[in-house]
Amino acid sequence: MAADGEEIFLDSHGQGWVVSWYPPGPVPAGRPHGVNAFCVTGDDGVVLISRDGERWGWPGGRPEQGESGDETLRREMLEEACAAVLKARLLGFTRSTCRRGPERGLVLVRGIWRAEVDLLPWKPQFEIPWRRVIPAGELGDHLWMEKGHEPIYRRAAAEAGLTRGRSPEPATAVPEPARAAGLAP
């Protein structure tokens, strides 16, 4: 799990990045890059979305001109998950610095939230064609994580109170037969 300010080195889309977690408070220096949120329903479910029906992630997106983090959160949850935000809590920030590749020097800052939501009828209008709700205790079994981002996702889930004593593991890291046979951590 990522510690405050810990530098996590990873490759993403052919570039080298350093990603760090920052607690709520002053926004770290960098270009606002949007939000992600664990959307939690009244019955302790967590909303996941998918572009392909196989990899399931948390909703999020980039700000539009002049939007605050809270405004971006509410718009993106509505657009991507057909979920109305009732209450939201900022969990922290990720700060990503490109160290290698065409975007070298770029610094992006993303707000990470927990949002209590009311699910609206599923009428996808944008880039997300699938939505599902899973029990919070099964988050680690379903949440897809881009390779290298696992410590950030674990920290976000812990801050959101969704780990119940265990950190989510990457859903794609260990094949299900290995997990069922007790060969996985």
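The values are calculated or read from the model by the stated rules, or taken from the named source; none is laboratory data. Keep in mind the model is a prediction, meaning the values are calculated, not measured. Note that each Cβ is placed from the backbone with ideal geometry, even for glycine, and that neighbours are counted across all protein chains shown.
Side notes on the structure shown:
- Residue 103 meets the conditions (1) assigned to a loop (DSSP other than H, G, I, E, B); (2) under 14 Å from the mean Cα position of the chain (by Cα) in every case but one. The failed one is (2).
- Residue 155 vs. criteria at pLDDT 90 or above, within 16 Å of the chain's Cα centre (by Cα) and buried (at least 18 other Cβ atoms within 10 Å of the Cβ): yes
- Test: residue 105 is loosely packed, with under 15 Cβ neighbours inside 10 Å and either in contact with a helix residue (DSSP H, G or I) (Cβ under 8 Å, 6 or more places away or on another chain) or on the phi > 0 side of the Ramachandran plot (or both): yes
- Scope the range 106-153; condition among the β-branched types (Val, Ile, Thr) and not in a loop (DSSP other than H, G, I, E, B); matching residues: 107, 109, 112, 117, 133, 134, 152
- For the range 118-125, the criterion of being among the acidic types (Asp, Glu) and touching a strand residue (DSSP E or B) at 6+ places or on another chain (Cβ under 9 Å) is satisfied by at least one residue.
- Note on the range 37-86: residues that are under 22 Å from residue 150 (Cβ atoms), of a type in the set (A, V, I, L, M, F, W, C) and either touching a helix residue (DSSP H, G or I) at 6+ places or on another chain (Cβ under 7 Å) or assigned to a strand (DSSP E or B) (or both) total 9.
- Restricting the range 108-137 to residues that are among the small types (Gly, Ala, Ser) and under 19 Å from residue 152 (Cβ atoms), the residue that is surrounded by the fewest Cβ atoms within 10 Å (Cβ to Cβ): 136
- Residue selected from the range 62-85 under the condition small (Gly, Ala, Ser) and within 18 Å of residue 119 (Cα to Cα), by the criterion surrounded by the fewest Cβ atoms within 10 Å (Cβ to Cβ): 84
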